[in-house]
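Data first, discussion second: the structure below is written as structure tokens.
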Amino acid sequence: MTSILIKNGIVVDPEQNINGEKMDIYIKDGKIVDECKADKVIDANGMTVVAGGIDIHAHIAGPKVNAGRAMRPEDMKHVRMKSGKFRCAMGGVLLTCPSIGYEYARMGYTTAIEPATPTLYAIHTHEELDSIPIIDKAALPLFGNWHLTFKFAAEKDVEKMKSFVAWAIERAKGYGIKVVNPGGVEAWMYGKNVHSLNECIPGFEATPAEVLTTLMKASIELNLPHKVHVHCNNLGVPGSAETTAETIELAKKIGEYCLHITHIQFNSYTGDTWKNMGSGAEELAKLINDNPVTVDMGQVIFGHTTTMTADGPFEFALFKLAKSKWINKDVEIETGGGIVPITYRAKSAVNAVQWATGLEFGLLVDPDKIVISTDFPNGGPFTSYPYIITLLMSKKFREKEIEEKGVNNYIEKATSLLSIETERTFYDIVKMTRTTPARILGLKNKGNLKVGADADVAIYPFNCNDMPDYERILKALENPAYTIKDGEIVVKDGEIVSENWGKTFWVKAKEQSEVIEEELESVFKYYTVSRGNYGVREEWIRRAEAIRV
Amino acid sequence: MIEVVVITGRTTDQGMTIDEKLSEAYMKAVSFCEMNEKDMEKLGVKDGDRVLIKNELGEVVLYVKKPEMDLQPPEGIVFIPMGPYANRIVGILNGSGTPQYKGVKATVEKTDRAVLSVEEIIME
Amino acid sequence: MIKDVVCTFCGNACDDIEFEGDYGRNLCPVGEAKFARKERIKTPMINGKEVSYDEAIEKAAEILKSSKRPLLYGWSSTVNEAIRLGVIIAEKLGGIYDQCSSVCHAPTTLAMIEQGIVGGTLGQAKNRADVVVFWGCNPVEAHPRHPTRYSVMARGFLTRGRSDRRVIVVDVRKTPTAYLATDFYMIKPNSDFAIFTALRSIVNGHEEAVPDRVGGLKKEELIELAKTLESAKYGLVFFGLGVTHTRGHERNVEAVIKLVQDLNKKTRYILQPMRGHFNVVGSGEVPAWEVGFEYAIDFSRGYARFSPGEFTAVEALIRGDCDAAMIVASDPVAHFPKKAVERLKKIPVIQIDPHPNLTTKIADVVIPTAIVGIEAEGTIYRMDGVPLRVKKIKDTNYPTDVEIMEKLLEKIVR
């Protein structure tokens, strides 16, 4: 492994309160070191040096992602790179595994989290994660519609829930607790949905609120590095802002940090019909800033994409609305999912409000509490992060985009975007793409450039102390001078120059499965796989790294 | 001679011998056809006799098998287990990539010609 | 005793097999045959002459590298790990990757591209389905334990056994599966599209548009069938090659998908193709995540192109596009139409398989391998996509498909 000196770069690392200082960074054996003899020197004079970016929520692997690819050859036919020294890279918005690794690296991102895997399908998810080159990754197993979750939530039995969570995360080789529309997917098995946090889940004595509360308590007591990661009830409909506020209240009652609300944009609409829907971002941003919760944006990008979520009833509603093709998957007694292609149109009032709402969050929420995301591919491609960053950094760019794209002027009435003067500093942006996601995920060696941190580094060809205009910012963010992964230069001037294989993190929590032995035995009667064949072994994963708690 | 519609498909015997295609058991499992008693009468054939099935794709000689219990195909339909024999006369291409292996028109007549072995069938 | 062994025959991939020596408890007759001792290809061969593995692999690499457009076909009876390497080899060679779906459920993929698909796991049949339809499929012979383990008699969370289910069988002939039916409907060949469309008309309230007879069924029968379908709390339609192999192909599947979409506006319904081989699903999933498509993939331009009817094995062979072929874990000589087999007989063919079969007879290079699920482990996907890890339960001197693919890839990118 070569050692590298990044010389004279302008470093931004909010974790160390470093904001644009000219510094040298040394890399050896895949880590940031104090100083060493360097085999290779990178002259970073006039360039900005930051840690590799972290995507906290992107659907990059697993059965649903792959079903989306299979359903959309019209999207997959786009050629990003021909086969040669590296793999051929295919895909428009949806991407093949090689494309995913290459495209993240090409933006200076080095870690991404697959946020929704059914434990039953975890082997598949890990096969795909293993086929993604370069980046580090992890997967979050789904808990929100598991019959055992309902049972322990109904009994308010945090002990058993803890044991169940530890057991399931170990089986999935997962990283934390993902909850999608708690109870709603089970209701969908009866053709229904749940519409409030306090209604009973069909067939069970539990409510979505009890599911969330019990899981949040379990996540704290298990000391999980990443707490409960929630896709709220009522996603994507007018009035969802209220449910989101109520969900934040649940976390507030617990009193300590235990809740990450994902793709908040999709869950922040006011009104009661599509005709009078508006943005609830202003109110919600205040609640987020005042309470122990974090969020990611779920920014919408105008253009076509393929929505995919474990929220089966939502996708059915979208299918009826979009009159598009529709994949549904009901998964045993643990979860479900759906896939529907859609197009976000700037001229559509609803889509325009969605676009503006995401940006409002990006501009109004404390950068220590919000992460940039598109909920890939639901809001759009992750490759548009440089574009989103530039929108957040430049009011002028926002105005230009509204003008040029002809964004429906309903946003003036329904959102506060036009009145927001804020322009995010690059320091804020580094927080929102590095420091904050690393903290939320509990990845101590990521998102910073401290001695001992993983040598995942991005070097952008601009001076953050002397910010250029938005056009040059965008271009620089899209074409890092270097991306370094595990101490190896993988990208130079925006092009892949080398390929390595990242780690897959998983959390090994203290397991007490004997506490729930009886429940596990009885629940497996309703599975079509044997308990012995359920889950993933560490040795099946290319480069697994267990985090013990 | 009668006109029929040929359908093909998996059978238990075909499945059980699939990894032993050069065996007698496999040949036995895939070198016959089943038809309705009335069609057998029309052709003047009984269980174990041979028939020649022909269409524009090709021709094949098969043993006639009287179906077990009440599982005989309806009149005008001939069932052949999937495999090299059936593939002489099914597999119409229509551009979608998947040949039409079922619902293919053909004629059936009684014959004295021998049923070829599996190897003869593919090497012919 | 070895527990939780996965049977590597059909798309059921039953994972409750228990081995005590050579005896496997819970196997169906077809599964028993699969695990029984049988004739093997003894050594690698070039033109019928016994050679070493190194020589055979070298020769295979030479054939593939000197070919303009090799066809890499099969894959449905091996593990994902081998398939992935196969896809990469096809990419690096600029060849064609195709798999067994192209002669079986590829119309289902095409229909899914048009309509999506409303699906679920087999657990939905076991736990929830109170109306189960078998359309153009014969699980009693093709997926023998399907009825008891998953669909007809299985005891689940809401549906507790046979008496909680109404079972509908629709076919062009009476099959043994029809004995399981509450209601059996015999239809005419090639009439699936018309019948699905008629049922959609009834379900959507346009009964008057349906003629007196459709595809051999009387209008009253169609109305009765539609009412049964609608009566489900949670219905499940299993369909087989009776739908994909007949005239209409993907249009038939599209029609049944649309019927199921319509039924979801009234109650809950899902659809499940009865996939044949134990990993035919994996042979489509792996290329989808590696290069974007499930089958019929050409790499001659250095990137992946998907074109069924053009890059599907049968057409590519008949047109004479492919000047060499590598067949892995499959037997196209037994299962392709005559004209395609004739082309295979003319070009150099490499076969990688544990057992001698009809393709062995015409192959120039034969490389025997370990039997997946008996002598080799790895990942496979059940018909509903549920991933399972198949086990190695016996030692062998044969190399695995993965080992052969690794060596081949090394020689090809060298």
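Conditions tested, residue by residue: (1) over 30 Å from C:Ala106 (Cβ atoms); (2) free of Cβ contacts under 8 Å to residues at least 24 places away in the same chain.
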| site | (1), (2) |
| --- | --- |
| C:Glu377 | no, no |
| C:Met383 | no, no |
| C:Leu388 | no, no |
| C:Lys392 | yes, yes |
| C:Asn397 | yes, yes |
| C:Lys411 | yes, no |
Any idea which residue in the range A:315-334 is farthest from the chain's Cα centre (by Cα), counting only those that are of a type in the set (D, E, K, R) and crowded, with 24+ Cβ neighbours inside 10 Å? A:Glu332
If I filter the range A:397-418 for residues that are touching a helix residue (DSSP H, G or I) at 6+ places or on another chain (Cβ under 9 Å), touching a residue at least 60 places away in the same chain (Cβ under 8 Å), buried (at least 19 other Cβ atoms within 10 Å of the Cβ) and within 22 Å of A:Asn8 (Cβ to Cβ), do I get at least one hit? no
Return a yes/no flag: does the range A:168-176 have any residue that is within 14 Å of another protein chain (Cβ to nearest Cβ) and either part of a helix (DSSP H, G or I) or in contact with a Pro (Cβ under 6 Å, 6 or more places away or on another chain) (or both). yes
Mind checking whether some residue in the range C:35-46 is modelled with pLDDT of 95 or more and in a helix (DSSP H, G or I)? yes
Condition check for C:Thr379: at the interface with chain B (Cβ under 10 Å from one of its Cβ atoms), among the hydroxyl-bearing types (Ser, Thr, Tyr) and closer than 16 Å to C:Ser77 by Cβ: no
Quick count over the range A:169-184, residues being in contact with an Asp or Glu (Cβ under 9 Å, 6 or more places away or on another chain) and among the small types (Gly, Ala, Ser), is 2
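Please verify whether A:Lys28 is surrounded by fewer than 16 Cβ atoms within 10 Å (Cβ to Cβ) and either within 22 Å of A:Ile489 (Cβ to Cβ) or not hydrophobic (A, V, I, L, M, F, W, C) (or both), treating the condition exactly as stated.
No; evaluated as a whole, the condition is false for this residue.
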Those residues that are buried (at least 24 other Cβ atoms within 10 Å of the Cβ) and assigned to a helix (DSSP H, G or I), I need them from the range C:261-271; list them, please. C:Leu263
Candidate set from the range C:95-143 (those that are more than 8 Å from every other protein chain (Cβ to nearest Cβ) and part of a loop (DSSP other than H, G, I, E, B)); member that is surrounded by the fewest Cβ atoms within 10 Å (Cβ to Cβ): C:Asp130
Every residue in the range A:163-212 that is crowded, with 24+ Cβ neighbours inside 10 Å and among the hydroxyl-bearing types (Ser, Thr, Tyr), please. A:Ser163, A:Tyr175
Filtered residue count, the range A:498-549, keeping only those that are facing chain C (nearest Cβ under 9 Å), under 30 Å from A:Phe86 (Cα atoms) and in contact with a helix residue (DSSP H, G or I) (Cβ under 6 Å, 6 or more places away or on another chain): 1
Filter the range C:9-20 for residues that are within 13 Å of chain A (Cβ to nearest Cβ) and either more than 11 Å from C:Phe35 (Cβ to Cβ) or of a type in the set (Ser, Thr, Tyr) (or both) and give the result. C:Gly11, C:Asn12, C:Ala13, C:Cys14, C:Asp15, C:Asp16, C:Glu18
Answer with yes or no whether A:Val93 is surrounded by fewer than 24 Cβ atoms within 10 Å (Cβ to Cβ), among the β-branched types (Val, Ile, Thr) and in contact (Cβ under 8 Å) with a residue 12 or more places away in the chain. yes
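What about A:Gly298, is it crowded, with 24+ Cβ neighbours inside 10 Å and of a type in the set (Gly, Ala, Ser)? If you could, list the steps in order and put the result at the bottom.
Details: crowded, with 24+ Cβ neighbours inside 10 Å: yes; of a type in the set (Gly, Ala, Ser): yes.
In short, yes.
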Let me confirm something: among A:Ile6, A:Ile10, which residue is touching a residue at least 60 places away in the same chain (Cβ under 8 Å) and in contact with a Gly (Cβ under 6 Å, 6 or more places away or on another chain)? A:Ile10
The range C:272-340: helices (runs of 4 or more DSSP H) wholly inside it with 3 or more residues that are out of contact with any helix residue (DSSP H, G or I) (no Cβ under 9 Å at 6 or more places or on another chain) and within 13 Å of chain B (Cβ to nearest Cβ) are none
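Matching residues to (1) under 27 Å from B:Glu75 (Cα atoms); (2) charged (D, E, K, R):
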position: C:Ala198; (1), (2): yes, no
position: C:Lys218; (1), (2): yes, yes
position: C:Glu224; (1), (2): yes, yes
position: C:Leu229; (1), (2): no, no
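Mind telling me which of the residues A:Val536, A:Val515 ends up being among the β-branched types (Val, Ile, Thr) and modelled with pLDDT under 95?
Numbers: A:Val536 fails: modelled with pLDDT under 95.
Result: A:Val515 is the single residue among A:Val536, A:Val515 that is among the β-branched types (Val, Ile, Thr) and modelled with pLDDT under 95.
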For the range C:97-153, the count of residues that are of a type in the set (Ser, Thr, Tyr) and over 30 Å from A:Glu74 (Cβ atoms) equals 3
I'm trying to understand the selection: among the residues of the range C:239-271, which are within 11 Å of chain A (Cβ to nearest Cβ) and of a type in the set (D, E, K, R)? C:Glu254, C:Lys258, C:Lys265, C:Lys266, C:Arg268
Whichever residue in the range A:110-136 is among the polar types (S, T, N, Q) and away from chain C (no Cβ under 14 Å) and, among such residues, is surrounded by the most Cβ atoms within 10 Å (Cβ to Cβ): A:Thr110
In the range A:168-202, anything among the polar types (S, T, N, Q) and free of Cβ contacts under 8 Å to residues at least 12 places away in the same chain is listed as A:Asn198
Buried (at least 20 other Cβ atoms within 10 Å of the Cβ), of a type in the set (Lys, Arg) and touching a residue at least 60 places away in the same chain (Cβ under 8 Å): does that describe A:Arg434? yes
Within the range C:42-53, is even one residue touching a residue at least 12 places away in the same chain (Cβ under 8 Å), surrounded by 15 or more Cβ atoms within 10 Å (Cβ to Cβ), in the same structural domain as C:Tyr398 (by TED's automatic domain parsing) and among the aliphatic types (A, V, I, L, M)? yes
I want to confirm something. Restricting to the range A:137-160 and keeping residues that are of a type in the set (D, E, K, R) and touching a residue at least 12 places away in the same chain (Cβ under 8 Å), which single residue is surrounded by the most Cβ atoms within 10 Å (Cβ to Cβ)? A:Lys137
List the strands (runs of 3 or more DSSP E) that sit entirely inside the range B:6-92 and contain at least 3 residues that are crowded, with 21+ Cβ neighbours inside 10 Å, more than 9 Å from every other protein chain (Cβ to nearest Cβ) and modelled with pLDDT of 95 or more. B:58-65, B:77-81
Residues being in a loop (DSSP other than H, G, I, E, B) and surrounded by 12 or more Cβ atoms within 10 Å (Cβ to Cβ) - total across the range C:1-34: 13
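The values are calculated or read from the model by the stated rules, or taken from the named source; none is laboratory data. Note that the structure is a prediction, hence the values are computed from the model and not measured. When we count neighbours, we look across all protein chains shown, and the Cβ atoms used for this are built from the backbone with ideal geometry, even at glycine.
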